Amino acid sequence: DTEGLLRIKEENQKHYRRAQRHQEKKEKIQRHNRKLGDLVEKKTYDLKTQYEHLANLRRTHILELTSVIFPIEEVKTSMRDPADVSSESDNAMTSSTVSKLAEARRTTYLSGRWVCDDHNGDTSISITGPWITLPNNGDYSAYYNWVEEKKTTQGPDMEHNNPAHTISAALCYATQLVNTLSLILDVNLPKKLCNRQVNTRAESVASFGLILNHEFCGENLSRHRFTRAVKKLNANILHLCFSQHVNLDLLHPLHTLRNLMYLVSPDTENLGR
């Protein structure tokens, strides 16, 4: 029994010495983890600072881009509310008729359905200048209607009054701006709209070194191709708006330039993230 007791004591001493070594290793690992934690915290702070600095740089570049090269502004029109005009011509008009006229004014028949548009008829959105605008409600039917009309009617008057020039130019600039914003923000776009220099209507503009979108600045597009290209552009704009946390209540899937205007607005807090 005495010999067995001695053996047990020796084993206990060995376990005790081993436990001490494990305790030392544990303390060493804990010190190492604390150092790594401090290092990770410092690196995280540095990374956050760099992200903020990068966001500020992106924001500065975007605001400079949209103020010097691609200014987007809301252009007021002089159209009067039909309800006001009608009430002046008919003093006996009931309030229900006035409200119905006002409601009709805020709706647009677009692509086979009625779309509510509170800004319909009030404003249009311009890009690069007040002479290049898009309808605020996203109704670009004037483009393919003109294309269809040109097939049957030829002449200099038709070319002079061509609404396709303004619409296609605005969409070209919008596409170029969207592609440039995706590079600055490092955001991959879901839809591909390639850019290349063209030698058609935009030749005089491209000669200044601008690269315009061949989807809109090439030959007159059919309604199907034009609508498809516009949908791709709108999808890319919405994707950028989502990535920058633009207020969803401000966005509308058909308002091309208005969504862009909200995206690059100085009031967008997360622009550059």
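The values are calculated or read from the model by the stated rules, or taken from the named source; none is laboratory data. Keep in mind that this is a model prediction, so the values were computed, not measured. Please note: Cβ atoms are built from the backbone with ideal geometry, for glycine as well, and neighbour counts cover all protein chains shown. SASA here: full protein model, heavy atoms, side chains in, ligands and nucleic acids out. Shrake-Rupley method; radii C 1.70, N 1.55, O 1.52, S 1.80 Å.
Can you pull the Rg over Rh of the range 1-61, Cα-only, Kirkwood? Reported Rg/Rh, Kirkwood definition of Rh: 1.62.
The modelled label-to-label distance between residue 45 and residue 7, using points 7 Å beyond Cα along the C-beta direction, is 5.9 nm. Straight-distance candidates among the lysines for linking to residue 232, with alpha-carbon spacing under 25 Å and chain neighbours fewer than 8 residues away dropped: 191, 192.
For 46, 38, the ranking by accessible surface with the largest value first comes to 38, 46, using a 1.4 Å probe.
Can you tally the net charge around residue 185? Count Lys and Arg as +1, Asp and Glu as -1, for every other residue whose Cβ sits under 9 Å from the Cβ of residue 185. Local net charge: +1.
Surface calculation, 1.4 Å probe, protein heavy atoms: residue 14 sits at approximately 120 Å² accessible. As a rough guide to protection, the peptides 48-59, 128-139 ranked by mean Cβ packing within 10 Å, highest first, stand as 128-139, 48-59.
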